[in-house]
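Here the structure is laid out as structure tokens; the discussion comes afterwards.
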Amino acid sequence: MAKITYIEHGGQKHEIDVANGLTVMEGAVQNDIPGIDADCGGSMACATCHVYVKEDWFPKLPNKENGEDDMLDQAYEPKANSRLSCQITVSDELNGLVVHLPEKQV
Amino acid sequence: MIKTDALIIGAGPTGLFCAHQLGIIGLKCEIVDNLDKIGGQCIELYPDKPIYDIPAIPQCTGEELTNNLIEQIKPFNINFHLSDRVQEIKKEKENWRVKTLKGKEFLTPNIVIAGGVGSFEPRKFPTKSTDKFDGKTVLYSIKDKTIFKDKSVVIFGGGDSALDWAIELSKSSKVTLIHRRDEFRGAQSSVDKVKELQKNNKLEIFTKYSMKDVKGNGKLESVEIKDDDGNSKLISADYVLGFFGLIMQLGPILDWGLNIDKKTIPVNTETFETNKQGIFAIGDICTYPGKLKLILSGFHEGALAARGCFKYARPDEKLRFEFTTTSKAVQNRLGLKND
């Protein structure tokens, strides 16, 4: 279990307890947090679960898999701290993770 | 105007198999899809990726699955209307009158929405200032490459479309290629070619830059690009091309008075009909308790929706349940010769 803070583009904060094994994307979708579309359902085939990971957290996350950066090229306004939230699996180590949501996904 | 028993929106696996099921029970259908090819997400997003959960097919790619489905519906001679999108629907007595973007009209008692997550559209620049040049000098696809001759063209993107057009247009235009990171995801041979062209001063490349703004009064004059540290650069441009892949949008479907729940359409699980009589939704676009976004679920949903269409297409007939293994009528529809 990890407490994850999702911050909407407008500043609205959502602190959610997400079970281990789920992805950061699933944590958002299952709790109706606006701003994560996840059109492809987590198969890394779209770029609509794009998040900006808070700078101090970014290097602590498991590395991107092959293909994630290719999809991020197609995201809305990707930055150096961009990730696809469907590719971040939740574990106890992620307790306290903060992600910012982009202005929009498409 | 085309009269048909059912109009299917979406030529992905779910729409294709629904067409098969309609054919099996003796109904005609037409299929409209926004893409220029058959196959939907399977062909657009993952043609080469293996799929492992199609029943009785241990492994196949998106392209193989599509080709097999096309083969399977061959006996029914189904018409496809590709690169077109259903725009407007209107109830006319027992029928729906359907109009497409290209001006085609259909009259049908049944509409089956098998639209996946929506129609594919090119992803555009996030900047507002590009809007006023959209379709004129800011483009997301190329129809006529001769317009770029002797012009300055700034291309954004790191995939095959961006690389291929950079290579092609560098022959007769001043090309600048801009990508947000150092690595390109296009084919290695194209990446090598682009770097060689750069070495020979045939084109310029700026990596770790993205679009900041476009400038020009009435006519496009330049593009401002920025890096992650906020440094910006101005590049003169007659044309700007963006190749950021495709996004999926529900589009006009939102205007048809259907119940929508988080970009999906609630249906009953008996016939997959929506809240509108004669409009069905199957595949990724439909939702119901327990819904799984799997291709195999789409097949099941299509089979039931086809039966749901029957009562509106043949109100005076009763649908008899038949097996393809034994029914002469079904085998005739499949074009098989019976002795």
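Any read-out appearing in this document is the output of simple, stated calculations on the displayed coordinates, not a laboratory observation. Just so we're clear, the structure is a prediction, and the values are computed from it rather than from any experiment. Here the Cβ positions follow ideal geometry from the backbone for every residue, glycine too, while neighbour counts run over all protein chains shown.
Hey, what D do you get for chain B in µm²/s if you plug the Kirkwood alpha-carbon radius into Stokes-Einstein at 37 °C and 0.692 mPa s? The calculation lands on 147 µm²/s. When both bridge partners sit in the protein assembly as shown, DSSP labels roughly 55% of those beta bridges antiparallel. Based on the alpha-carbon gyration tensor of chain A and its eigenvalue square roots a ≥ b ≥ c, which shape applies: rounded if a/c is under 1.5, prolate if not and a/b is larger than b/c, or oblate? Note, shape of chain A comes out rounded. 3J(HN,Hα) along region B:47-54, derived from phi through the Karplus expression 6.51 cos²θ - 1.76 cosθ + 1.60 where θ = phi - 60°, amounts to x, 9, 7, x, 10, 10, 10, 8 Hz, with x in place of Gly and Pro.
The packing ranking, built from the mean of other Cβ atoms within 10 Å per residue, places the peptides B:18-27, B:212-221, A:17-26, B:47-56 in the order B:18-27, A:17-26, B:212-221, B:47-56, highest first. A simple charge model with +1 on the Cβ of Lys and Arg, -1 on the Cβ of Asp and Glu and nothing else charged puts the dipole of region B:124-244 at about 240 debye relative to its Cα centre. The mean count of C-beta atoms from other chains within 10 Å of the C-beta of residues in A:66-72, rounded to a whole number, is 3. When the P(r) of region B:37-142 is calculated, the portion above 16 Å amounts to 73% of the C-alpha pairs. Relative to its Kirkwood radius, the Cα radius of gyration of region B:76-123 gives an Rg/Rh of 0.99. Every pair of different Cα atoms in region B:189-336 enters the Kirkwood calculation, which places the hydrodynamic radius at 21.3 Å. Backbone amide hydrogens, once placed in the peptide plane, bring B:LYS208 within less than 5 Å of B:HIS179, B:ARG180, B:ARG181, B:ASP182, excluding anything fewer than 5 places away on its chain. Helix content alone sets the calculated 222 nm mean residue ellipticity of chain A: runs of n ≥ 4 DSSP H residues at -39500 (n - 2.57) each, divided across all residues, give -2500 deg cm²/dmol. Pairs from the list B:LYS136/B:LYS226; B:LYS99/B:LYS143; B:LYS102/B:LYS124; B:LYS149/B:LYS202 with a Cα-Cα gap above 19 Å: B:LYS136/B:LYS226; B:LYS99/B:LYS143; B:LYS102/B:LYS124. Stokes-Einstein, applied to the Kirkwood radius of the protein assembly as shown over Cα pairs at a viscosity of 0.692 mPa s and 37 °C, places its translational diffusion at 137 µm² s⁻¹. Shape class of region B:124-244 from the Cα gyration tensor (axes a ≥ b ≥ c, square roots of the eigenvalues): oblate, since a/c reaches 1.5 or more and a/b does not exceed b/c. For the residues B:ASN34, B:ASN68, B:ASN200, a GNM of chain B with alpha-carbon springs under 10 Å puts the largest fluctuation on B:ASN200. Residue by residue along A:75-82, Cβ atoms of other protein chains within 10 Å of the local Cβ number 4 on average.
Magnitude of the charge dipole for chain B, about its Cα centre and with charges confined to Cβ atoms of Lys, Arg (+1) and Asp, Glu (-1), is about 640 debye.
Amide H contacts under 5 Å for B:ILE279: B:ILE111, B:THR274, restricted to partners 5 or more places along the chain or on a different chain, H placed in the peptide plane at 1.01 Å from N. Of all aspartates and glutamates in the structure, the ones whose alpha carbon falls short of 16 Å from that of B:LYS219, not counting any fewer than 8 places away in one chain, are B:ASP131, B:ASP134, B:ASP238.
Placing pseudo-labels 7 Å out from each Cα toward the beta carbon at A:ASP92 and B:LYS143 gives an inter-label distance of 6.1 nm. Over all other residues within a Cβ to Cβ distance under 12 Å of B:SER189, the charged ones net out to -2, with Lys and Arg as +1 and Asp and Glu as -1. Of the three principal axes defined by the Cα atoms of region B:294-339, the extents in descending order read 38, 31, 15 Å.
Helix screen, chain B: DSSP H segments with Cα axial length of 18 Å or more and mean Kyte-Doolittle hydropathy at least 0.0 are B:295-313.
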